[in-house]
Amino acid sequence: MQKILVVFGLLSSFAHAGEQANVFGNDERRELTSTQAPWGQIGRLYGPGGTCTATLVGKDLILTAAHCVIDSKTKTFQKGEYKFYPALRDNRSALSARVKYVWWGTTDPIGRRDLDWAIARLDQPLGTQLGWMGVLRTDLSQFVGLQAVLVGYSGDLKSGQSAHWTSSCRFTLWEASSSFALHDCDATRGSSGGPMIRNYNGEQKIIAVNVAERRGSREDSLIHVPYTHDVANIAISTSSFIDKIIELQGNREGL
């Protein structure tokens, strides 16, 4: 689905109320200090509903989570201004671009977490200067036990004004009935839409997107808790959206 974005003016505040977290055991997140490729292709997305993490996947395309642009109560697109800041560090970024168009996998990301993805077209081709990250078509059922790097703008660390990364974490379970994977990478609100990355032939490739937390019946933040399949974080496979990226790019360049 394509939606033309209507801009209503600048927003004064994008912070989420009550940051939530699933952090397992010792907090393994570390601040991402490099702004060079490919790490400089990851940035913070500001929108009317809060902030998320997004990644350049084309010269003017970014990848994030659907719930970053969809109102979960009304199940409709949240109108307003969306702005992307690549390589934001200490709340500073040399570049920025506004979102012009948005495509999403579902308007019910809570009920269809496996389709919780969104792709946006920017009004500036930032990728011509920064490059963009490759996307590897994956079946996450085959990735259980494998490590990945998760990068995200966690709201509980430096107020989300710098990216943090976690590398010593793994995909732990494939939920066949729901078509998503569980993982034990430490993450909080703000890291939604963050890329999960592995190195292939010397290049960093996106293999999944971090989209949600699982907390059993609890709603509060779970810090330094043991990992279980009932207390976990959730990722979706690139196979859910890679064909849309190819379509929007017009070719397979960069994938």
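Bear in mind that the values in this text are calculations on the coordinates, not laboratory data. All values reported here derive from a predicted model rather than from experimental measurement. Note: ideal-geometry Cβ built from the backbone for every residue, glycine included; neighbour counts use all protein chains shown.
Quick notes
- Answer from S162, S178, S141 - the residue that is part of a loop (DSSP other than H, G, I, E, B), more than 14 Å from I206 (Cα to Cα) and in contact with a Phe, Trp or Tyr (Cβ under 8 Å, 6 or more places away or on another chain): S162
- Scan of the stretch 107-116 for residues that are β-branched (V, I, T) and closer than 19 Å to A176 by Cα, ordered by number: I110
- Complete set of residues in the stretch 110-130 that are closer than 28 Å to G202 by Cα, surrounded by fewer than 20 Cβ atoms within 10 Å (Cβ to Cβ) and either among the β-branched types (V, I, T) or touching a helix residue (DSSP H, G or I) at 6+ places or on another chain (Cβ under 6 Å) (or both): T128
- The number of residues in the stretch 124-165 being hydroxyl-bearing (S, T, Y) and farther than 16 Å from G43 by Cα comes to 2.
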